[in-house]
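The values are calculated or read from the model by the stated rules, or taken from the named source; none is laboratory data. Quick caveat, the model's predicted, so the values are computed rather than measured. Accessible surface is based on the protein model in full, side chains and every heavy atom, while ligands, DNA and RNA are left aside. Shrake-Rupley method; radii C 1.70, N 1.55, O 1.52, S 1.80 Å.
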Amino acid sequence: MTDYSVMKELTFSSRDEFTRKPIAEKIIKLLDSDIDVSPLIIDGKWGTGKTEFCFKLKNLIEADNPNNYKVGYVNAFQADHANEPLLTLIAEVASFYDEKDDKRKNFIKNAVPYLRLISGIGLKAGLGFAFGRYAVDIPDALADGMEEIKDGSKSLIDQSLESMIKDQVEAEKNLSTLRDALSDIASTNPIILLIDELDRCRPDFAVMMLETIKHVFDVDNVQIILITNAEQLKATIKHSYGSETNSHDYLYKFFKYQINLPTSTKDIEGRSVENNVTYFKATVQASKVIPQDFKENQFIYEIPTFLNVGKLSLRNIEQIVRCIETLIIFEDKEQSKSRIVEQILMVFLSFVYMIDKGIFQEIISKEINEDRFMKFINSPEMYFQDRTPRAQEFQTKSIILIIFSKYLPENCFYLPDDYLKFERAVKIISDFLLKYQFHNETNNLVNGKNNNSYIYKYIEHTINNLQLFEIVK
């Protein structure tokens, strides 16, 4: 679960493993420019760190703020049970000012008629939610209906039919008054509202929020940034208006710009690296459970580079690291014979467990589909017939292939029949295994299916612990 108290303190200086500060800086340049960019979408898939980016962007704007922006954050998912998106947004704007500030009082007074119109008898409950976060700043009279503000407002509870009809007749006037009040309050301090988690809301609430943004908050000096999964939001629109709706056109009639959060970064050699790969290493390094020798095993960080981790969210990566931490807690260190390889297997099996339950079950049954497995680890078969590969051509996935070859219908690394060539190939494999401190297992691994390497008992032990984790996660 997202810890918002921690999120609120995050800055790009504290951590920026995905190199997103330049994106935030470009967004700020757009907001500062004369280009009309609001409302703007920051699009990212679920679990790509959108909320964290949102708070870092907010803190970056406030850290260097020559335009004196008032920057608000709204968690739409937390607000959707109140069923009043306008009330939620107005409450956030009101929170910028002290209770005694005339701007605040005037803004709320001018918002009341339109709030009464759209909210009906449910407004008092909504007020309790929306302004509850700012109880220190809100007078008691406001929670009771705001009757005592200025000249006093009509009761928000005991509305008569006559009053509702009158409000309906004056709807456009009330909306215009609210927009003018919003524009006035933003004239000295431009407003930026960051709206997060809309893709997780009820479809009807999400659509109501979009309509509110379009019809009420499209005023000078107020800029809206929606942080969301655009594809999910399109699905929400279809859910509300029917499958025949052109959800793309509907959504983008509201928004002028879309910023896409990249799912990969460039390494020092200019190669594209999935954010999941980067995040895996950062999460392992930050773990208080994983021992230092494990963190220093560079081979474990190769595993997500050759597996297809693109469909995993950052939350999935956290779950994988939690699997590893659990396995470490269950580990019998006295039985350990090759720490490096055991750690590789621990990480690899945790990834298998999260990515492909089918292959995980095949490993349990010791009957792996060769084509699926080779595709899963993105590895060709290893031939020693025509030429003997050099040890440095091997990768960590090769040791995985060598170990799990026992569970495949046929060996996927092929040794020469000629005795001398065979011995030479075995020597090269042994040299390769040496860098993993696993060379003592060479004969047990290359002599066909009837091998006796202890590593297979270790695999069974690790799988049993992962299955136990299924019970407690």
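Observations on the structure shown:
- ³J(HN,Hα), Karplus 6.51/-1.76/1.60, whole Hz, each residue of segment 13-24, x for Gly, Pro: 6, 6, 6, 8, 5, 9, 6, 9, 4, x, 5, 4
- Rel. contact order, % - alpha carbon contacts under 8 angstrom, at least six apart, segment 248-363: 24
- In segment 297-377, the portion of solvent-accessible area held by carbon and sulfur atoms comes to 45 percent [1.4 Å probe, whole percent, DNA, RNA and ligands not counted].
- Couplings 3J(HN,Hα) of segment 303-316, computed from phi: 4, x, 6, 10, 8, 7, 9, x, 8, 7, 7, 5, 5, 4 Hz, in residue order, whole Hz [Karplus 6.51 cos²θ - 1.76 cosθ + 1.60, θ = phi - 60°; x for Gly and Pro].
- For the residues Lys357, Lys406, a 1.4 Å probe over the protein chains yields an accessible-area ranking, largest first, of Lys357, Lys406.
- Projected area, mean over directions - segment 1-85, Cα convex hull, nm²: 6.8
- Stretchable slack from Gln285 to Gln298, in nm (0.36 nm times residue separation minus alpha-carbon distance): 3.5 nm
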